[in-house]
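Okay, structure first, notes after.
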Amino acid sequence: MTDDARDAIMQATYEALCAEGYSDLTAQRIADRTEMSKGSLFYHYDSVDDLLASFIEYLLAGYGHRAEALDGFPPEERLAAYVEWWFDISTAEGTGHHTAMLELRAQAPYNELFQEKLRESDEALRDTLVDILTTGIETGAFVDHDPSTAADFLLGAFVGARVRHFTLGRATYSEHAYVATREYIETEILAPETTYPDEPAVTFPPDERFADTGDEQDAPDGAGQDDRTEAATADAASEHEDAE
């Protein structure tokens, strides 16, 4: 298969998955978004699940190139950029994308192929954090700590916030998790002389291969990046006043 043909199939898979969801996804609906027939699609892939496993690999390869954009920047800038990417849901890949990925994750306990590919994805996400944290310790920007444990904790907060946000449609979960994550980083990770950048010098880039899919939807009940800390702080203040 040529690179152009693979790109076209992956683009069509992305669009169909975001539009239809996993449960309603069919080979025909993917083929309809390409110049191929359903039969041609199955010439390259044994099944829709086989195609989706290849799609996860495709996303993972793109993630690796995107993560490289953070290389060369100070570790606190890299960490802040990574945190902002995870929590800036209103301008991230899009609601359809995140919902579709949640559906694929939900299939993983019953589908060994999905589970294998999603584990590889999870390891790549974790490795990025471990690398940033390790570099920060080596340069003195971060206090001495166990990067593996911290990476597991942070990744759990990132993924958990997204899952609760998109399954329950409440932006406050992401807002509060963002504030708590920053507090954890500032008190447990950063060295005394290191400051968490409010506006990182680098941003985690979007996957340009899917930039024109029209899936730039606002997250449900979504507050933008600039509103997260303010909104969560206001909520906390209101709850405190009610308690008094």
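No lab work stands behind these numbers, since they all come straight from the coordinates. What you see is a predicted model, and the numbers here were worked out from it, not measured in a lab. All Cβ positions, even for glycine, are placed from backbone atoms using ideal geometry, and neighbour counts span all protein chains on display.
Listing for the model above:
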quantity: Vicinal HN-Hα couplings computed from phi for the stretch 124-130 (Karplus, 6.51 cos²θ - 1.76 cosθ + 1.60; Hz; Gly/Pro x); calculated: 5, 4, 5, 4, 4, 5, 4
quantity: Label-point separation, Y63 to T172 (7 Å along Cα→Cβ), nm; calculated: 3.1
quantity: Other-chain or far-sequence residues with amide H under 5 Å of L190's (modelled H); calculated: V143
quantity: FRET efficiency, 1/(1 + (r/R0)^6) with R0 22 Å, evaluated for A106 and D152 via beta carbons; calculated: 0.55
quantity: Stretch gain in nm, segment Y43-Y184, where the contour uses 0.36 nm per residue and the Cα spacing is subtracted; calculated: 45.7 nm
quantity: Inter-label distance, nm, simple model (7 Å from Cα along the C-beta direction), D127/S23; calculated: 3.5
quantity: Relative contact order of the stretch 63-213, pairs being alpha-carbon contacts under 8 Å that are 6 or more residues apart, as %; calculated: 41
quantity: T195 versus E208: modelled label distance in nm, points set 7 Å from Cα along the beta carbon direction; calculated: 3.2
quantity: In sequence order, calculated HN-Hα J values of the stretch 20-36 (Karplus, 6.51, -1.76, 1.60; Hz; x Gly/Pro); calculated: 9, x, 5, 5, 9, 7, 10, 4, 5, 5, 6, 4, 4, 9, 10, 9, 9
quantity: Sequence-separation-based contact order of the stretch 1-59, relative, with Cα cut under 8 Å and 6+ spacing, percent; calculated: 35
